[in-house]
Every structure is written in C-alpha cells, then in structure tokens.
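The values are calculated or read from the model by the stated rules, or taken from the named source; none is laboratory data. All figures in this text were calculated on a predicted structure; none of them were measured in a lab. Don't worry about glycine lacking a Cβ; one is built from the backbone with ideal geometry, like all the others, and counts go over all protein chains shown.
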Amino acid sequence: MIDKQTKELKLQFCKYGQEHVFKFWEILSNEEQLQLLQQAKNLNLDYLSKIIESVLHENSQPAQADKSAASITPAKFIKFPNSEVDWQKWKETTAIGEQVIKDGKVAAFTVAGGEGTRLGCVVPKGTLQATPLKKKSLFQIFAEKIKAAERKYETSIHWIIMTSERTHNETIEFFGKNDSFGIENTHFIKQGQMPAITYDGKIIMETKSKIAMHPDGHGGALKALGRSGLLAMLEDFGVEIISYFQVDNPLARCIDPYFIGSHVKNQSQVSSRMIRKLYPEEKVGVFCEIRGKNCVVEYSDLTKEQAMLRDATGNLIFCAGNTGTHLLDVPFIKQFNGKDIHSEIPYHVSQKAIPTVDSLGEPISPQAPNGLKLEMFIFDILPFAERTIILESDRLSNFSPIKNSDGLDSLKTCLQDQLKLFTSWLLAAGTDIPTDANGMPPFDIEISPMFADNKHDFLTKWERLATKPTIAANQYIE
Ligand code: UTP
C-alpha cells in the first residue's frame, strides 16, 4: 500500500534526514503502515528540525545561551513574614487575594501529564493514594482544597487538568468514577508530544512502526491552553489568574489568598512560590536573576562554588528553591498563544533509556540512556514577563513532592511530612501530642482539606469547634 501521499511524506522525511523512520515500511502489515503514517503525518518536521538544531548546538538556544555562571545572581524575593508589621501586611495582602477569589477571577491548573518514570508509576500519578489515613488520591486532595475554597469564598472555581496522551483517558475515567469529586467546572486538556531523538538528532523508533513519543514537558501547558481554546474560554468566564501547580505535590496550596494578593498588589504577570534550599546539593531549580530578569536555573547549571556560597549569617546565597507553583496572568500568557513559542522558549534535553529496535527491527530495552527527551519548562516564561515576584513560603506547609519510589521525595517522606504538618497545627491549637525529635507523632492522623489546608484556617476553625476531638491514633478531622 503506497499511494502518492505516502510517497510525498517519505520524501519529506528524507529531506530532513529522517528517512530511517520508514526503514521497515515494506515488511509492515497494513495496520502498522497506517499507524506509522498517522504518526508521521502529525509531525511538523520543519519545527522539529529547528529544535533539534538548537538543542544539539546549545548556543542557538533562545534563552539558554545566557545561563553562563558569571551572569547569574541570586533572585530577590518577598521574605516570609517575620514580625508584627509583616503579619499586618500579610493580613492586608490576604484580604486582597480573598476578594479576587470571591470575584471568580482565579482558576486552578494542575499539570498531570508527566510520565512519572522515577516513581515507576504505571497509572496516572494523580490517581496515587497519598494521604496517611484515608488514602485519598492526589486528585481528591486538590479537589477538596478547591471545594473548600469555593465554599469559603462563595464562588465557583474552574479547575483545569492537563493530561498527556498516556494519562488522558484513565484520568477522565477516574474523575468520572468519582463524580469529579464534586467540582462542577473541570476541564481536561491534553498536552502535545515530541519524538525522542538520538544524540545525533535522529528520531527514535519505539517499534518498527511506531515513533517513540513523549509529552512535551510542563511548559507544553502554554501551547495546550491556547490550542484547546480554554484560555479564551477562561477569559470569557472572567478568569484573570491561573494558579498553576504540579500533581505530585499534595501540599501545594492551590488557592492561596496571600499568594494571590501578593501577585495582584505587585501587578505581577508571573509569580512563583519558593522555599529555602536545605543544603547546597539539593536537587531543586533555583530562582536567579540574569540581566535583570528572574528565571530558574537548574541545580546542575549552578557551579559548585555558587551552590555553596553563604552569607555572613551562614544562609545559602542561592537559596530560592522552585516549588513548581506559579500564578500566571491570563493576558500575559495569551501572548504565547498561537505563536511558535520555541522561537522564544527553549527546549531542554534529558538523557533517557528509550525502548527501541535494533537494525533488524528486534526490540531493545536499554538499561542506560540511549537518547534524548525534548521538553519545555513552564518557568522559562519568567524572563518574558515585565513584572514577576518570588514569594518565600514555609517548606512544610507547601512542598513535599512525590517523585521517587523510595528515599528522598517519595510517598513515604510525603506521608511523614503530612503527619508532621497536621501535628504542628494541632500542637499550635494547644492539643497534647507526643512527638519525636523530628516532630513526628507516634500514630497516624489526618486533617481533611475540607476542614483546613493551612495553619491559619485550621486554628480559626478549631477555635470555633463546640466539642474538640481528643487526638489519638487514626483521628480524622473533617
Ligand atoms: P516532573 O518533571 O517531576 O516529571 O514533573 P514526571 O514526568 O512527573 O516524573 P519523571 O521525571 O518522569 O520521574 C513535574 C510535574 O509536571 C507534570 C508532572 O505530571 C508533574 O506534575 N508534567 C511533567 C506534565 O504535566 N507534563 C510533562 O510533560 C512533564
């Protein structure tokens, strides 16, 4: 089966040095040929070849070229409140944010299209059970936070969930089975895909008839929002701010009036939440300034000397760790809509072990990296904004991602962090819970986001309880 269209397509691939994609064409079944044709047709070879050129020759990367160590200075940030005056300002700023939420101007946006390879997750990460007692899924946790905000502020909040080819159907099914957790306005948008490439820029074949594709990174959110028409729809709904957070961090405060108030007060176009790095080698991106613009520098791009630098009081100088939580101004991100955003936002490469085929078409499952994944990162829009803010937050109340199957940033550490957090609120409320040196209680407890998702709200609500529960093992507060 080879018609005119196929011939032309093959010629196109040949023109871009990718003719090997059709290497096994003659021995493919009709069905396999159709599958390959479909995939091949959907690739924009011109766009792809420009990206390949730019990532393989780093100097032609749009924003990357600037990230030489010498040009990097630490970013300035709004410090965590530390005095009476600060807390007074916190109150005023929070009130501004609360009004904006009440007015329906904030939408929640979860990016949930990642592959979760470090975790070895075969189901969408959002469906993972992630609370100590009730084993709520990550999606349920966020749904309850959104629901609680809807109730508190008597408003309705649009919730956008970005999925990928791999996570889309299962995510929608999961929401369906759970009646969307009671959230009325959920919107699912599918992010784009990119082919994996070899170190010399050749498209990798996963099988004889299938190109190895992967999601285009959380920065793909910008394209997905525009392409899906959702950005325009949100504008029609009167949404001005998108609260962006990652599905693997159940501590993310998805609707935080103080963060939102700070964003509005500063007329910020992109606001980011930071936590202080714990130690120089911690593997988090760091907010930095390059030529007067805020950006995120990956931990591997800071020199060892920079990462270790400390001030006179012993604090790390490059301390502003990225939590992957941002507020995006809708009119600002609209400018990326429909544009070839790669001409502005760079692709990043990461080395991966990518299942492929040998020269005879036999499957290979490499144990070591054999190719490159191409991804865009959301934080790369920072340098394009005129006004940005970076807000310091307390780590335990905001950040404990589930990235790895064990060790640091695993489900185990996240559950421990939740227990420590809940315990710290209960202790602040005057209850008596024995804890170890790390602040861990001797038993499991859980506080529902429907009761509170932060200390301030917890204390207010706890105070109002007519009968306060005795805290013991398996206590659930809802
Ligand atoms: P990570 O960068 O941690 O990637 O994503 P990941 O895919 O979840 O995990 P690994 O690297 O394969 O182990 C941070 C957040 O961005 C989302 C993820 O779902 C997670 O919420 N993400 C990442 C996307 O939505 N799309 C992507 O293409 C990549």
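If P369 satisfies all but one of (1) out of contact with any Ser or Thr (no Cβ under 8 Å at 6 or more places or on another chain); (2) farther than 30 Å from I447 by Cβ; (3) in a strand (DSSP E or B); (4) within 16 Å of the ligand (Cβ to nearest atom), what's the number of the condition it fails?
Unmet condition: (3).
How many residues does the stretch 391-434 contain that are more than 16 Å from the ligand (Cβ to nearest atom) and under 19 Å from the mean Cα position of the chain (by Cα)?
7
So which of L11, L37 ends up being assigned to a helix (DSSP H, G or I), closer than 16 Å to A212 by Cα, modelled with pLDDT of 95 or more and aliphatic (A, V, I, L, M)?
Unique residue meeting the criteria: L37.
Go through (1) within 16 Å of the ligand (Cβ to nearest atom); (2) not in a strand (DSSP E or B) for Y244 and report which single condition fails.
(2)
Test E362 against the stated conditions and say whether it is away from the ligand (no atom under 16 Å from the Cβ) and either at pLDDT 95 or above or of a type in the set (A, V, I, L, M, F, W, C) (or both). First the steps, then the outcome.
Values: away from the ligand (no atom under 16 Å from the Cβ): yes; either at pLDDT 95 or above or of a type in the set (A, V, I, L, M, F, W, C) (or both): yes.
Yes; evaluated as a whole, the condition is true for this residue.
Go over the candidates H214, H263 one by one and state the one that is within 16 Å of the ligand (Cβ to nearest atom) and modelled with pLDDT of 95 or more.
H214
Filter the stretch 270-284 for residues that are crowded, with 24+ Cβ neighbours inside 10 Å and of a type in the set (K, R) and give the result.
Answer for the stretch 270-284, where residues must be crowded, with 24+ Cβ neighbours inside 10 Å and of a type in the set (K, R): just R273.
What are the residues in the stretch 106-133 that are within 6 Å of the ligand (Cβ to nearest atom), among the hydroxyl-bearing types (S, T, Y) and at pLDDT 95 or above, if any?
None - no residue of the stretch 106-133 is within 6 Å of the ligand (Cβ to nearest atom), among the hydroxyl-bearing types (S, T, Y) and at pLDDT 95 or above, so the list stays empty.
Would the stretch 333-343 turn up any residue that is among the acidic types (D, E) and surrounded by 15 or more Cβ atoms within 10 Å (Cβ to Cβ)?
If we filter the stretch 333-343 for residues that are among the acidic types (D, E), which is where we start, we get 340.
Subset that is surrounded by 15 or more Cβ atoms within 10 Å (Cβ to Cβ): none.
Among the residues of the stretch 333-343, not one is among the acidic types (D, E) and surrounded by 15 or more Cβ atoms within 10 Å (Cβ to Cβ), which makes the answer no.
Mind listing just one residue for me: the one in the stretch 148-183 that is closer than 17 Å to C254 by Cα and acidic (D, E) and, of those, nearest to the chain's Cα centre (by Cα)?
E150
Those residues that are under 14 Å from I477 (Cα atoms), under 26 Å from the mean Cα position of the chain (by Cα) and assigned to a helix (DSSP H, G or I), I need them from the stretch 435-465; list them, please.
Selection gives K455, D457.
Determine whether E281 is farther than 24 Å from P346 by Cβ and in a helix (DSSP H, G or I). Explain how you work it out, then say what you get.
Working: farther than 24 Å from P346 by Cβ: yes; in a helix (DSSP H, G or I): no.
No, not satisfied.
Suppose we keep only residues that are over 18 Å from I390 (Cα atoms) and crowded, with 18+ Cβ neighbours inside 10 Å within the stretch 285-306. Which one would you say is modelled with the highest pLDDT?
Taking the candidates together, the pick is Q306.
Test each condition in (1) away from the ligand (no atom under 16 Å from the Cβ); (2) assigned to a loop (DSSP other than H, G, I, E, B); (3) among the acidic types (D, E) for E206 and report the one that comes out false.
Here E206 clears every test but (2).
The rows are residues; the columns are (1) within 16 Å of the ligand (Cβ to nearest atom); (2) under 30 Å from L28 (Cβ atoms); (3) among the acidic types (D, E).
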position: S156; (1), (2), (3): no, no, no
position: K202; (1), (2), (3): no, yes, no
position: K210; (1), (2), (3): no, yes, no
position: H218; (1), (2), (3): yes, no, no
position: K223; (1), (2), (3): yes, no, no
position: V239; (1), (2), (3): no, no, no
position: D248; (1), (2), (3): yes, no, yes
position: F259; (1), (2), (3): no, no, no
